[in-house]
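See structure below.
The values are calculated or read from the model by the stated rules, or taken from the named source; none is laboratory data. Model, not experiment: these values are computed from the prediction. Here the Cβ positions follow ideal geometry from the backbone for every residue, glycine too, while neighbour counts run over all protein chains shown.
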Amino acid sequence: MQSASQPSTSRLQPAPPTSDRLPAVSTNGQQSSTQEDESVTTIIKTVNEVNVVFTVTDKHGRYVKDLKKEDFKVVDDAKPAEEIKDFRNQTDLPLQVGLLVDASNSVRDRFKFEQESAIEFLNQTIRPRYDKAFVVGFDVTPEVTQDFTDNTEHLSRGVRALRPGGGTAMFDALYFSCRDKLLKAPRSGPLRRAIVLLSDGDDNQSHVTREEAIEMAQRAEVIVYTISTNISGTKGKGDKVLERIADATGGRPFFPFQIRDVANAFAEIQDELRSQYALSYKPADFKTDGRYRTIEIVAMDHKNLHVRSRRGYFAPAR
């Protein structure tokens, strides 16, 4: 039975960026403590595995989907990983998707077409009883027009409820969506998390910085795909911001200068979500020091293959 959550709108103000510095690595081992109400159990988890979602393309940019665990080497913080513990083709894993749409004055010209392209993407991507998505519009603050649901009709209504508004607080919207939506969403096992961000990249209202928003996406293990709404025909300052966000999280930036190319960008993202791998590994020299650690995945014995994943993660602090 499909989720029955109804479209709802709520405006939210992101908390200061210094709060909730949460780790973005998977867990193994647990310890429980019983509180006064014995029905409430607190689970304390110790981290020693890292999850990574990635894609592999050939020299022509085509996805390579038939590689095996033995084809890859993982380098964590410049040292070979101790062990690749789990490896799988990602397409069979549940998907949690956030659609973030810039509703500021800067993108009014193409707004209707972008809405319809976004609806088609959600209809084609979200599988009932398996995947879930939410919709956030943002101008000076993020506004949830549809919370997590697998009901594509409700998602469509959430997209159509978006209305162009004032200034642009894109970094706040990304930070909020990663911390307050995706990080807090229930998860019962391995899954994929992605955000599709439509904007011109020109932020003039955010309380958090670009790098703080990227850090929160990395902590939440979110891949961000950006679709530029700049139709000037040349890459602007905002496009470079979108490129940085996508590159740092393992996603891709799209620059559809023609309005018809917006639908093509969504179609390419949908194709990539069906072409991913996932692995979990144990770092060789893991320390709970809160430090940023780099990740590199190498396709061994395949010179012409390109592996794209997030660049790293933050180890938990003691």
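Residue-wise test of (1) within 20 Å of LEU279 (Cβ to Cβ); (2) of a type in the set (Asp, Glu); (3) modelled with pLDDT of 95 or more; (4) not in a strand (DSSP E or B).
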| site | (1), (2), (3), (4) |
| --- | --- |
| VAL47 | yes, no, no, yes |
| ASN51 | yes, no, no, no |
| LYS65 | yes, no, no, yes |
| ASP86 | yes, yes, no, no |
| PHE111 | no, no, no, yes |
| ASN123 | no, no, yes, yes |
| ARG127 | no, no, no, yes |
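Just one of (1) modelled with pLDDT of 90 or more; (2) aliphatic (A, V, I, L, M); (3) not in a strand (DSSP E or B) trips up VAL307, so point out which.
For VAL307, the exception is condition (3).
For segment 176-199: of the residues being at pLDDT 95 or above and farther than 23 Å from GLN270 by Cα, which is surrounded by the most Cβ atoms within 10 Å (Cβ to Cβ)?
Ranking the qualifying residues of segment 176-199, first place goes to PHE176.
Go through (1) in contact with a strand residue (DSSP E or B) (Cβ under 8 Å, 6 or more places away or on another chain); (2) surrounded by 24 or more Cβ atoms within 10 Å (Cβ to Cβ) for ASP239 and report which single condition fails.
(2)
Since VAL298 meets every condition but one in (1) over 18 Å from ALA315 (Cβ atoms); (2) among the β-branched types (Val, Ile, Thr); (3) under 13 Å from the mean Cα position of the chain (by Cα), which condition does it not meet?
Just one mismatch for VAL298, condition (3).
Counting only residues that are touching a residue at least 24 places away in the same chain (Cβ under 8 Å), over 16 Å from PHE111 (Cα atoms) and not hydroxyl-bearing (Ser, Thr, Tyr), which one in segment 152-169 is surrounded by the most Cβ atoms within 10 Å (Cβ to Cβ)?
Across segment 152-169, the extreme among qualifying residues is LEU155.
Return yes or no: is GLN146 modelled with pLDDT of 95 or more, surrounded by 15 or more Cβ atoms within 10 Å (Cβ to Cβ) and touching a Lys or Arg at 6+ places or on another chain (Cβ under 9 Å)?
It is true that GLN146 is modelled with pLDDT of 95 or more, surrounded by 15 or more Cβ atoms within 10 Å (Cβ to Cβ) and touching a Lys or Arg at 6+ places or on another chain (Cβ under 9 Å).
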